[in-house]
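The values are calculated or read from the model by the stated rules, or taken from the named source; none is laboratory data. None of these values were measured; they are calculated from a predicted model. Reconstructed Cβ throughout: ideal geometry from the backbone, glycine too, with neighbour counts over all protein chains shown. To get the accessible areas, we keep the full protein, side chains included, count just its heavy atoms, and leave off ligands, DNA and RNA. Shrake-Rupley method; radii C 1.70, N 1.55, O 1.52, S 1.80 Å.
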Amino acid sequence: MSRARVDEEEYWHSSKFRAFTFDDEDDELSQLKESKRAVNSLRDIVDDDDDDLERVSWSGEPVGSISWSIKETASGSTSSLDGRDSSLQKVSSSYAALPKQGSSYSLSSLFKGFLCATQLCLSLSALTDTGGKNYAPELRRPKADYKDYSSDWSPRDTVRRMQRGKVCSLERFRSLQDKLVLLDEAVAGHDGNVITAVLIFLKRTLRREILFRELEVRQVALCHLIHFLREMGEQKFLLDLLRTDCFFPLSLQLSQYREHLNIQDVEKRREFLKGCIGLPFSAEDNSHIQDHYTLLERQIIIEANDRHLEMAGQSELFRKYPRKASILNMPLVTTLFYSCFYHYTEAEGTFSSPSNLKKTFKIPDKQYVLTALAARAKLRAWGDVDALLTTKNWLGYTKKKAPIGFHRVVEILQRNNAPVQVLQEYVRLVEDVETRLNLATKYKCHDVVIETYRDLKDRIQLTAYKCKVERGSAEEEKINSILSNMVRNAY
């Protein structure tokens with residue numbers, strides 16, 4: 001009784017884990033060496049040349065015996081499924097056939113049998129667990145599911161199945177009549193996804209002229225197609241559609257034309273505008289679209305040439321007044337101002353010539369003079385300003401003429417810091433006396449004020465204006481001379 005208690009005490013106080021010591025690595029190394037020696041000793045015991053040893057099959061019978069041959073022949077004639085089951089049986093029997101004490105089987109047979117069993121188990125596991133799939137028998141699918149790929153479905157049934165999310169092949173509808181019936185059934189179903197799917201099929205299998213002709217009488221499907229083309233960005237197809245004789249509201253063409261604002265690439269925008277020329281707009285609107293395309297095309301040419309000149313440093317004007325922005329996509333008035341600023345002296349035959357722009361786009365004289373005057377005044381080219389406002393009649397006489405009115409000319413020149421002598425020349429040309437006096441007084445054109453009061457023979461205003469000029473100046477002397485002449489003439 002006491003011995004059993006002592007054994008129990010030792011069991012509970014004992015441990016198979018040892019405390020850490022610095023000799024642990026040496027112990028592990030020694031254990032490894034011992035294991036290696038054990039393996040080498042087995043290699044000595046098991047000879048590879050074991051032809052004289054008796055070989056044993058997994059059934060437990062010697063290889064080459066009559067019973068072994070019969071069983072091998074029978075197993076080889078079975079199906080793959082039976083082979084799988086027999087393999088499982090052989091594996092289970094192999095574990096039962098392992099040699100016991102006193103067995104006559106050799107050690108080499110034991111090791112070879114163990115390796116073959118391991119390989120067989122791995123192959124069976126690969127067969128039974130391939131990619132995590134379950135090889136349990138599946139339930140048979142309904143027969144109705146196999147009709148998706150048959151020719152049994154009518155257009156109405158096809159549309160209904162598409163509405164339920166079923167996969168249906170539309171390729172079986174080959175004739176134009178079947179395709180149109182399918183489209184009508186889709187429209188009648190009031191399902192936008194089905195209508196779009198059918199339209200994509202028709203777009204792919206019908207010629208454009210046939211598709212456009214049939215959509216002309218199917219406005220619902222036509223609107224779906226237009227929306228689809230816009231979403232997919234198929235602008236060329238959409239432009240071809242809008243050019244047809246189908247009735248479209250004007251807002252649809254205008255919204256399509258506005259799509260050019262979303263196109264950043266200038267070449268793509270030019271091609272898009274070229275495609276918009278044939279849209280069914282009014283004659284006036286078509287003229288504007290044509291001008292827009294021509295202007296962008298002209299701007300591309302001017303921009304390429306001017307960028308080259310600016311980078312090469314060949315133009316003094318570009319060196320003195322560098323360009324602040326690109327001319328691409330600018331309005332017509334801005335393009336004209338740019339042309340008058342940098343290319344004013346060019347011949348009419350060049351694309352960048354102001355006169356060429358005026359002739360091509362039929363710019364009115366008033367707009368042209370106003371823009372050119374602002375550009376040349378900014379450069380302080382007063383000679384060009386004078387030539388711009390000088391006309392010659394059929395007799396060869398010259399005179400100053402301003403379609404915008406000389407009061408506007410004076411304002412533009414004054415904003416560009418024109419000298420007083422230049423201002424006075426054009427203030428004198430203002431026809432309205434009151435306007436002329438106001439401008440002359442505002443911009444201190446003393447000679448014009450004095451001459452106007454002299455022509456009006458207004459001594460009171462001359463005397464009052466004498467106080468506004470500097471004493472001893474030429475203007476004061478001129479006023480005194482005019483007043484003296486008025487007194488003499490009065491007597």
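Placing dummy labels 7 Å off each Cα toward the beta-carbon, the span from R428 to V217 is 8.0 nm. Its convex hull of Cα atoms gives segment 251-363 a direction-averaged projected area, equal to a quarter of the hull surface, of 7.6 nm². The stretch between M232 and I460 holds 74.1 nm of extra length on full extension. This uses 0.36 nm per residue minus the Cα-Cα distance.
Here r is the Cβ-Cβ distance between V181 and E209 and R0 is 22 Å; the resulting FRET efficiency, rounded to 0.05, is 0.60. Share of carbon and sulfur in the accessible area of segment 155-247 stands at 51%, probe radius 1.4 Å.
Quick one: of K366/K399; K401/K468; K236/K274; K366/K392; K179/K203; K324/K362, which pairs are farther than 22 Å apart, Cα to Cα? Pairs exceeding 22 Å: K401/K468; K324/K362. Here the simple spin-label model places points 7 Å from the Cα toward Cβ, and for E297 and Y397 these points are separated by 4.5 nm. Kindly flag which residue pairs out of K400/K478; K378/K478; K358/K444 have an alpha-carbon separation exceeding 30 Å in this structure. Result: K378/K478; K358/K444 exceed 30 Å. Ordered by solvent-accessible area of protein heavy atoms (1.4 Å probe), largest first, the residues C467, C340 come out as C467, C340. Put a plus charge on the Cβ of each Lys and Arg, a minus charge on the Cβ of each Asp and Glu, and nothing anywhere else: the dipole of segment 251-363 about its Cα centre is then about 220 debye.
Given a Förster distance of 35 angstrom, what is the FRET efficiency for E259 paired with Q367, based on the Cβ-Cβ distance and rounded to 0.05? That gives a FRET efficiency of 0.75. Taking 0.36 nm per residue of separation and subtracting the current Cα-Cα distance, fully stretching the chain between L309 and R172 would add 43.0 nm.
Measuring spread by the Cα atoms of segment 155-247 yields a radius of gyration and Dmax of 12.7, 37 Å. Computed from backbone phi with θ = phi - 60° and the Karplus coefficients 6.51, -1.76 and 1.60, the 3J(HN,Hα) list for segment 418-429 is 6, x, 5, 4, 5, 4, 4, 4, 8, 5, 4, 7 Hz; x is used for glycine and proline.
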